């Protein structure tokens, strides 16, 4: 089939509501497919699990979303409207490669250890219980606004050591930055992201200074103390890391909880299975991540200075490779009966958290929050039901989540 016969338009409402039929057709008929982006450049969509894993594990494909020279030029000009965003992007490990990425990840890992995550379990459970107590008093709740959003936001704020009174600002900043991180709707949010980033820089510089003077048992203090040999995080790297933890860590977990509850309640037999066997919550959350994950895609670029070949196509420095995680997660070569939702599915090798060197640093925390939020909601409210079987999905195709999800208890 020729390239022109398959249309992928991420702005189409029907594709945003349910991209899976289009992704299945691409995976089946055109496993590498050219998509013309708004700037006229080509994005090569890859959809098979094996191809997605191969690109993500190959360090010669760059994780940077912007050409380094362009990003550096914007960052170097303080008068440029988006220089503060560019400087934060330059320092984010998510957008770095090779030794630069490994160095930052090693430093941040020291403040994000399994022990730290394990110690959070009682507090995460307590927050979930408080939110579900309020839902029970109301007789129903919005799984996004009343559980999926506040739970990870409170956890992230407490983890960072941000005072309670600043959490409204954290949410506002996070919303602006998440729009910027989604390349399919970025142009709508550039100005708001720049303003949010500027406000965040002023706020966190003050907080960093306070923590240097009076360290506490919080993530910012741990990041300030983190070192490998004599290597510390620079101020810009520290800020970029906090921005990433806030924006990526909060929004994606909100989507996991909302998407997971929607998927579960849309499959009554699986809901009943989890009610009868609550020990399946771990495999259920993994299946939710596979079936309707919080991130649909990621991308890689060729900054080698010369064209390179991928699946018979030539990829130059102006093009990008879009790794369609949502398509890989329903590849029948890896997942038997991939469009069947099964809370007891075994050997679930999904790529919802990515793969390779950039595997999501916060995966363990997201899993903990997802298992507690979803498991607690199901156990607390055995008759939990959807009030709207066709809820509205958020705009954009990179981060996949619901605007709201009204449930009755």
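The values are calculated or read from the model by the stated rules, or taken from the named source; none is laboratory data. What you see is a predicted model, and the numbers here were worked out from it, not measured in a lab. Methodologically, a virtual Cβ is constructed for each residue, glycine included, from the backbone with ideal geometry; neighbour enumeration extends over all protein chains shown.
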Original post:
Name the residues in the stretch 316-353 that are at pLDDT below 95 and within 30 Å of residue 305 (Cα to Cα), would you?
Top reply: 316, 317, 318, 319, 320
**OP:** Among the candidates 389, 369, single out the residue that is under 17 Å from the mean Cα position of the chain (by Cα) and farther than 26 Å from residue 49 by Cα.
**Re:** 369
Original post:
Just to be sure, is residue 12 without any contact (Cβ under 8 Å) to a residue 12 or more places away in the chain, within 15 Å of residue 331 (Cβ to Cβ) and either over 21 Å from the mean Cα position of the chain (by Cα) or surrounded by 14 or more Cβ atoms within 10 Å (Cβ to Cβ) (or both)?
Top reply: no
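Okay, residues lined up against (1) farther than 23 Å from residue 319 by Cα; (2) in contact with a helix residue (DSSP H, G or I) (Cβ under 6 Å, 6 or more places away or on another chain); (3) free of Cβ contacts under 8 Å to residues at least 12 places away in the same chain; (4) loosely packed, with under 14 Cβ neighbours inside 10 Å:
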site	(1), (2), (3), (4)
42	no, no, no, no
61	no, yes, no, no
78	yes, no, yes, yes
106	yes, no, no, no
**OP:** Pick out the one residue from 340, 330, 380 that is more than 30 Å from residue 115 (Cα to Cα) and either more than 21 Å from the chain's Cα centre (by Cα) or without any contact (Cβ under 8 Å) to a residue 40 or more places away in the chain (or both).
**Re:** 340
Original post:
Would you say residue 121 is in a helix (DSSP H, G or I), loosely packed, with under 14 Cβ neighbours inside 10 Å, touching a helix residue (DSSP H, G or I) at 6+ places or on another chain (Cβ under 7 Å) and in contact (Cβ under 8 Å) with a residue 40 or more places away in the chain?
Top reply: yes
Original post:
In the stretch 310-318, is there at least one residue being in contact with a helix residue (DSSP H, G or I) (Cβ under 7 Å, 6 or more places away or on another chain), surrounded by 21 or more Cβ atoms within 10 Å (Cβ to Cβ) and in contact (Cβ under 8 Å) with a residue 40 or more places away in the chain?
Top reply: no
Original post:
Among the listed residues 327, 364, 379, which satisfies the condition of being more than 30 Å from residue 138 (Cβ to Cβ) and either surrounded by fewer than 19 Cβ atoms within 10 Å (Cβ to Cβ) or out of contact with any helix residue (DSSP H, G or I) (no Cβ under 7 Å at 6 or more places or on another chain) (or both)?
Top reply: 364
